[in-house]
Every structure is written in C-alpha cells, then in structure tokens.
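Working notes for the structure below.
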Amino acid sequence: MRVLVIQNFDGSGLGQVATALGEAGAEIDLRMAHRGDAVPESSDGYDAAVVLGGGQNALADDEYPYIPPLLELSRDFSARDKAVLGICLGSQLLARAFGGKNQIGGASEFGWCPVSLTDEGAADPVLRHAPRDFSIFQWHDDTFSLPAGALHLASSNVARNQAFRVGRATYGIQFHFEADRKLVREWNAAFATTIAKNQPEWPGRYEAEAARHGPGADAAGLALARAWVSMI
C-alpha cells in the first residue's frame, strides 16, 4: 500500500492517521508542496492520497501555484476509485475540486468543539465509527458549500459542512480528527505566537479542556483514521 501525503504548511502532520497507516503497513510518500516539492501529475503508483491542513486558504493560487494541479490530482485519484482524504484545508480544497464554493472567513472554530453526524454520516462506512455527537479538535476560519452529489456526513453549529463524501472513498473532513492531545500540544508550542494573538485565553484553559474532551476525541479520531485506511 503506497500513500501520497501532501503537506501544505510547516508543523502540520498526519497524527493519528499516521498511526492507522502504520498499522496497515503503508508506505508514505510525503510531499512538502508549500516548500516546493513536486505534486505528482497523476495517481499512478499510489493507492490513496491524504491532503493535510494549513494556514493558507483554498483560493490562494497566486501564492501557492501548486493548488490547481493538486485539485486535478485529487480528481484523478477519485475517478480511479482510489481513496482520498482531505483534512481542514484539505477538505476545503476537495470541495473546490469537485465544484463546491469556498467561503473565506466567517466560520471560526478553535479547540475541542461539538460535531454531529447526519443520518448519512451515521450510515457511512467511515463516519459511523464516531459517536453520533462528539467533541473533536477544530482550527479553521473558512468553510465551503458541498459539491453537487456529495453526501453530507457531519455538521456543527458554526460550520454546517464538517464532512462529506464523493463517490466511494473520497472524504473531506473539516475537523482535525488526526489531532490527538500529543499533536495539539505540539501545535501549542509550534504556533504559540499565532495562538497568543488569536486565542489568548487558550493556554489558560488548555489543560482543563484536554482532560475533559481529549480522551473521547482521541478515541473517535483514531477510530475514524482506521476506518478511512480500511477503505484504501
């Protein structure tokens, strides 16, 4: 099993998805696209793709000219029935790739936040492995409309479109299910300046929120990661 991973921002990572891929014996080809690593021209030689999050928005083609080729590559994976996973920015890019509209700003969520499955999500082969209502880590300001024909799998009060599926195994997931407490602690350190500016109360409430929400969120996130890997 060979999996392409597109990283869009320093400090982002696979988190619990790495755990699930490791359990499956996957070979990972990591491309730091934002630092100039080439985006493959096609899905040849790969069984699946993961597109990670980032601080940029999904319309930032001028600053990140690899984005349009990445959209085309995502469509190629999906058309050839190869599993695709987009997380946070990755989900916004997948929505764009399949005809959804990106909304820049106006949908801010940060920290462990409540998410609910739709009826379609509760029946979905991946999302059904999470509770019907659960808290999971979020860090985003943007959102998107669903592509035509996509299944709406999860929502929140702030951003209605939290997860969707196109075809058999192309998943866009806005929330950071890959971010267990270990990864969140790493983000606290790596992005301390940004957090201090935008979420100044976070350091003071982090420990209590991690204790309250972390165990359930970690369990739900790993279950989702394993379920998606099973679709490859």
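If the condition is being small (Gly, Ala, Ser), under 23 Å from Gln16 (Cα atoms), in a loop (DSSP other than H, G, I, E, B) and free of Cβ contacts under 8 Å to residues at least 60 places away in the same chain, then the range 125-157 contributes only Ser156.
Please work out if Arg160 is part of a loop (DSSP other than H, G, I, E, B), more than 16 Å from Val50 (Cα to Cα) and basic (Lys, Arg). Answer is yes for this residue. With the structure loaded, tell me whether Leu94 is of a type outside the set (Lys, Arg), touching a Gly at 6+ places or on another chain (Cβ under 6 Å) and outside any loop (DSSP other than H, G, I, E, B) or whether it fails that test. Judged against the criteria, Leu94 is a match. For first residues located in the range 209-232 and touching a residue at least 40 places away in the same chain (Cβ under 8 Å), partners that are among the aliphatic types (A, V, I, L, M) and surrounded by fewer than 18 Cβ atoms within 10 Å (Cβ to Cβ) and lie 6+ apart or on another chain with Cβ distances below 7 Å form the pairs Val229/Ala24; Ile232/Met1. Restricting attention to the range 139-149, the residues being surrounded by fewer than 22 Cβ atoms within 10 Å (Cβ to Cβ) and hydrophobic (A, V, I, L, M, F, W, C) number 2. When Ser108 is tested against (1) surrounded by fewer than 23 Cβ atoms within 10 Å (Cβ to Cβ); (2) of a type outside the set (Asp, Glu); (3) in contact with a Ser or Thr (Cβ under 9 Å, 6 or more places away or on another chain); (4) closer than 13 Å to Gln174 by Cβ, just one condition goes unmet, and that condition is (3).
Just a yes or no: is a residue in the range 162-183 modelled with pLDDT of 95 or more, touching a Lys or Arg at 6+ places or on another chain (Cβ under 6 Å) and not aliphatic (A, V, I, L, M)? Checked the range 162-183: at least one residue is modelled with pLDDT of 95 or more, touching a Lys or Arg at 6+ places or on another chain (Cβ under 6 Å) and not aliphatic (A, V, I, L, M).
One line per residue, one yes/no per condition, for (1) free of Cβ contacts under 8 Å to residues at least 24 places away in the same chain; (2) of a type outside the set (Phe, Trp, Tyr); (3) in a loop (DSSP other than H, G, I, E, B):
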{"residue": "Val5", "(1), (2), (3)": "no, yes, no"}
{"residue": "Gly11", "(1), (2), (3)": "no, yes, yes"}
{"residue": "Gly22", "(1), (2), (3)": "yes, yes, no"}
{"residue": "Ile28", "(1), (2), (3)": "no, yes, no"}
{"residue": "Gly53", "(1), (2), (3)": "no, yes, yes"}
{"residue": "Ala58", "(1), (2), (3)": "no, yes, yes"}
{"residue": "Asp61", "(1), (2), (3)": "yes, yes, yes"}
{"residue": "Tyr64", "(1), (2), (3)": "no, no, yes"}
{"residue": "Pro69", "(1), (2), (3)": "no, yes, no"}
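Looking only at residues of the range 64-90 that are of a type in the set (Gly, Ala, Ser) and within 16 Å of the chain's Cα centre (by Cα), we find that the one that is surrounded by the fewest Cβ atoms within 10 Å (Cβ to Cβ) is Ala83. Scanning the range 27-47 for residues being of a type in the set (S, T, N, Q) and surrounded by 15 or more Cβ atoms within 10 Å (Cβ to Cβ) gives a total of 1.
The values are calculated or read from the model by the stated rules, or taken from the named source; none is laboratory data. This structure is a prediction, so every number in the text was calculated from the model and none was measured. Every residue, glycine as well, gets a Cβ built from its backbone with ideal geometry; the counts of neighbours run over all protein chains shown.
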